[in-house]
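The structure under discussion appears below in the form of structure tokens.
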Amino acid sequence: MKLQKIEDNQEMEKSIQKQAKIHNLNSVIEKKIDVPMMSLIIVIIILLITLTSVFFIYILPQWQDPADNFEQADPIIETPVTEDPATETPITDPIVTTVSVTEIDSRTYQISGWTEGENVSLKINFGRDTWIKVFYDGVVTDNPASKTYLSGSEIEILYAAKTDGEIVISLGGMKGNTIYVNDALVQLDSTVTEYNSGIKLTFVLKGE
């Protein structure tokens with residue numbers, strides 16, 4: 001009986017050791033499995049299944065019978081547009097008033113012969129780099145901008161003519177520059193044309 005009991009105990013120990021080895025082996029296998037890799041494989045499989053479904057459901061039928069999937073549109077016929085000569089807007093030349101410029105003093109000039117509301121044009125051709133600032137009726141304007149204009153450039157000042165209107169041009173120097181009123185050269189005083197530093201010229205509009 002004792003021998004039988006010993007043998008039974010040995011068999012039990014062997015069984016326990018065998019179960020322990022199996023458990024350890026399973027633990028090692030589980031540790032070796034890369035969870036992120038498994039997730040990537042699953043995503044790839046799902047993507048392949050999706051692409052395969054799209055191919056068979058949408059793409060393959062169009063390859064087999066493309067004519068049924070696209071309707072032929074009717075050709076677009078453009079109707080020529082003809083203009084009625086009677087409705088065309090006539091092109092008229094702008095009214096240009098010839099004005100006169102009279103010297104009041106070496107730095108003040110009167111513009112006469114203008115029409116109320118019509119633009120009077122003052123152009124400055126720069127023969128040297130010159131800084132300027134322009135005032136309309138005592139208020140500085142940014143048209144043209146107050147800045148230095150380079151030699152060879154030109155600006156035009158457009159002023160809506162009115163009684164007692166006033167245009168003041170402040171220049172960093174006058175020598176080398178010329179001024180035109182309605183495209184007519186203004187004959188400035190000789191002391192002004194040679195002025196090589198800051199100067200103000202005033203143009204006033206007086207009614208007839």
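Some points to look at:
- Of the chymotrypsin sites (Phe, Trp or Tyr not before Pro) in the stretch 156-208, those whose Cβ has at most 13 other Cβ within 10 Å and which sit in DSSP loop: none
- Net charge, residue 148 excluded, C-beta distance under 13 Å - Lys, Arg +1, Asp, Glu -1: +2
- Neighbour-count ranking [beta-carbon atoms within 10 angstrom, fewest first] of 166, 154: 154, 166
- Zone of residue 136's modelled label, taken as backbone nitrogen in the stretch 171-208 under 16 Å from a point 7 Å along Cα→Cβ: 203-205
- Among the GluC sites (Glu not before Pro) found in the stretch 97-151, those both in a DSSP coil and sparsely packed, with 13 or fewer other Cβ atoms within 10 Å of their Cβ, are 116.
- Counting Lys and Arg as +1 and Asp and Glu as -1 over every other residue whose Cβ lies under 13 Å from the Cβ of residue 168, the net charge comes to +1.
- Legend: P(r) of the stretch 100-205 from all alpha carbon pair distances, 5 Å bins from 0, whole percents, reading 3, 12, 26, 28, 20, 9, 2, 0.
- Spacing of the modelled spin labels on residue 48 and residue 104, each 7 Å from Cα toward Cβ, amounts to 9.6 nm.
Bear in mind that the values in this text are calculations on the coordinates, not laboratory data. Computed from a predicted model, the values in this text were never measured in an experiment. Cβ atoms come from the backbone with ideal geometry, glycine included; neighbour counts cover every protein chain shown.
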